[in-house]
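Colleague: Below is a structure I'd like to ask you about.
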Amino acid sequence: MFHPLSLFVGLRYVRARTHKFFVSFITWASLTGVCVGVAALIVILSVMNGFEGELRERLLSLSAHARIVSTAEGNGAAPSPQEWKRIEHAVQSVPGVAGVASYAEIQTLAVRSPDMLAVILRGIDPTEEAGDADIAKALIQGRLEDLVQGTDRVILGEVIAQQLGVTIGDTIDFLIPAVAANGAPSPKRREFTVAGIFAVGLQDHDATLAFTNLADVRGLTAETGGQGLRIWFNDALQAPALTPAVRAALPPGFQVIDWTQDHASYFRAIRIEKTMMALILLLIVAVAAFNIVAMLVMVVTDKRTDIAILRTFGVLPRQIMNVFITQGLVIGWLGVLLGVALGVLLALNVDVIVPFLESTFGFQIMDSDVYYVTDIPSELRWSSVLLIGAAALILTAAATVYPALRAARTAPAEALRYE
């Protein structure tokens, strides 16, 4: 059967068992290094993707995918409830919008002597389905239906309840910021009864949010604004792309803010961490690539006589280069393929492997006393796998260039002088 000469000889060198021990050791070390580096990259990035998804899910558990606010509220021209209703109907007809709900919120101080906490008091309508399902699922005590208009009942985050030492049935005072006629600050005091407690496992919600009836908060925010609409899309990840269509349906004086803008600092930090982690772990592949260089250089030195004989038979320098490029690519790319297979296998089974390790060695990786997330999530993205595989293939291919050039420059007469 016909084989291209370079491919045939290169594969023979890969299968040959006459290499010196050190050369064989470096060959296997290179292959293992590439495999481990690629697998580690895939697993670590999958776990970081999982944590990013977990954080996104918790952030959005009590927040909307986007919100509409009035830009005129600061000038004392807050829209009326009727105008908000008209805008709500207009937004509901935008393609991709799954639900719209009214809200009003205000920064307050929750007081229960001797403690005092800064809290966001958010008004919701318990009769609206959009968004209420997430709040109802987060409740650990009480019912959402207890937020009846005019009863001044409130649902607190678990951390707020613990720090103030309150439970269902207790009363709590809220200091509402207000300004007197002469311009001096004159906060209002309003007493609420605790009707429920929620927990989503995120400090930003459990330690800062309190829910009450929408109409009660609207009465408190009449002078300062703080009203708007919450929007849920069919796909939260499409929020930045769908926001312009929502904005086009609004009259002047309103703006749309999606969740990627509200929580931009979180996800910017995660992107930076993922990028730096990928670069650091890619160094493992780079070290393995240098091992391929060292291995091929020693093979070239060991095969100088073979190279000289091939050259005397008329083999071109380019074909000599291809012999050692073939040998390096087979070793490097085999390591990449094994690494991709191992990494994908581990990433898809993190939920099985981690509990097995914890039960075997008797420790918990994510202690519930320290972390909100106690399980290690994993989200395998095939785009990341392809990118990692391509980067590793390029690195290992680049590692073959110098040894191949050195082999091509071998002078036959010089190599055979002492043979």
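The values are calculated or read from the model by the stated rules, or taken from the named source; none is laboratory data. Small disclaimer: the values here were computed from a predicted structure and weren't measured. Neighbour counts run over all protein chains shown; Cβ positions are idealised from the backbone, glycine included.
Colleague: Across the stretch 132-143, what is the number of residues that are surrounded by 15 or more Cβ atoms within 10 Å (Cβ to Cβ) and either at pLDDT 85 or above or touching a Gly at 6+ places or on another chain (Cβ under 7 Å) (or both)?
Modeller: 3
Colleague: Looking at this structure, is ILE257 in contact with a Lys or Arg (Cβ under 6 Å, 6 or more places away or on another chain) and within 22 Å of GLU128 (Cβ to Cβ)? Please lay out each step first, then the result.
Modeller: Numbers: in contact with a Lys or Arg (Cβ under 6 Å, 6 or more places away or on another chain): yes; within 22 Å of GLU128 (Cβ to Cβ): yes.
When the stated conditions are applied, ILE257 passes them.
Colleague: Can you list residue pairs whose Cβ atoms sit under 8 Å apart, with the first residue in the stretch 380-402 being surrounded by 14 or more Cβ atoms within 10 Å (Cβ to Cβ) and the second being assigned to a helix (DSSP H, G or I) and among the charged types (D, E, K, R)? Count only pairs 6 or more apart in sequence or on different chains.
Modeller: none
Colleague: Which residue, of VAL23, VAL94, is at pLDDT 75 or above and either part of a helix (DSSP H, G or I) or under 30 Å from the mean Cα position of the chain (by Cα) (or both)? Walk me through it before giving the result.
Modeller: On the way: VAL23 fails: at pLDDT 75 or above.
Every option except VAL94 fails the conditions.
Colleague: Could you tell me which of the residues ALA207, ALA199 is more than 15 Å from VAL119 (Cβ to Cβ), surrounded by 15 or more Cβ atoms within 10 Å (Cβ to Cβ) and at pLDDT 85 or above?
Modeller: On the way: ALA207 fails: more than 15 Å from VAL119 (Cβ to Cβ).
Residue meeting the stated conditions: ALA199.
Colleague: Within the stretch 41-74, take every residue that is modelled with pLDDT of 80 or more, over 30 Å from PRO251 (Cβ atoms) and among the small types (Gly, Ala, Ser) and give me the one that is surrounded by the fewest Cβ atoms within 10 Å (Cβ to Cβ).
Modeller: If we take residues in the stretch 41-74 being modelled with pLDDT of 80 or more, over 30 Å from PRO251 (Cβ atoms) and among the small types (Gly, Ala, Ser), then GLY53 is surrounded by the fewest Cβ atoms within 10 Å (Cβ to Cβ).
Yes/no matrix, rows are residues, columns are (1) assigned to a loop (DSSP other than H, G, I, E, B); (2) farther than 12 Å from LEU209 by Cα; (3) in contact with a Lys or Arg (Cβ under 6 Å, 6 or more places away or on another chain); (4) without any contact (Cβ under 8 Å) to a residue 24 or more places away in the chain:
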position: VAL111; (1), (2), (3), (4): no, yes, no, no
position: GLU128; (1), (2), (3), (4): yes, yes, no, no
position: THR151; (1), (2), (3), (4): yes, yes, no, no
position: ILE155; (1), (2), (3), (4): no, no, no, no
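Colleague: Could you look through the stretch 262-306, keep only residues that are of a type in the set (S, T, N, Q) and without any contact (Cβ under 8 Å) to a residue 40 or more places away in the chain, and pick out the one that is farthest from ALA392 (Cα to Cα)? Even if it seems obvious, please write down each step before you answer.
Modeller: Taking the stretch 262-306 first, the residues of a type in the set (S, T, N, Q) are 265, 275, 291, 301, 305.
Okay, now just the ones that are also without any contact (Cβ under 8 Å) to a residue 40 or more places away in the chain, so 265, 275, 301.
On the way: SER265: 31, THR275: 16, THR301: 26 Å.
Checked the stretch 262-306; the qualifying residue farthest from ALA392 (Cα to Cα) is SER265.
Colleague: Of the residues in the stretch 157-169, how many are without any contact (Cβ under 8 Å) to a residue 40 or more places away in the chain and in contact with a strand residue (DSSP E or B) (Cβ under 8 Å, 6 or more places away or on another chain)?
Modeller: Of all residues in the stretch 157-169, those without any contact (Cβ under 8 Å) to a residue 40 or more places away in the chain come to 161-162, 167-169.
In the following step, the residues that additionally are in contact with a strand residue (DSSP E or B) (Cβ under 8 Å, 6 or more places away or on another chain) were identified as 161, 167-169.
Number of matching residues: 4.
Colleague: Quick one: which helices (runs of 4 or more DSSP H) lie wholly within the stretch 265-380 and hold at least 1 residues that are of a type in the set (Asp, Glu) and in contact with a Ser or Thr (Cβ under 9 Å, 6 or more places away or on another chain)? Show your work before the answer.
Modeller: Values: elements: 304-312, 317-348, 350-361.
By residue number, 350-361.
Colleague: If you check GLY219 against the conditions, is it more than 22 Å from the chain's Cα centre (by Cα), among the small types (Gly, Ala, Ser), at pLDDT below 85 and part of a helix (DSSP H, G or I)? Show your work before the answer.
Modeller: Working: more than 22 Å from the chain's Cα centre (by Cα): yes; among the small types (Gly, Ala, Ser): yes; at pLDDT below 85: yes; part of a helix (DSSP H, G or I): yes.
Judged against the criteria, GLY219 is a match.
Colleague: I need the full set of residues from the stretch 28-40 which are of a type in the set (S, T, N, Q) and buried (at least 21 other Cβ atoms within 10 Å of the Cβ), in order please.
Modeller: Kept after step one, since they are of a type in the set (S, T, N, Q), are these residues of the stretch 28-40: 30, 32.
If the condition is that a residue be of a type in the set (S, T, N, Q) and buried (at least 21 other Cβ atoms within 10 Å of the Cβ), then SER30 is the only one that fits.
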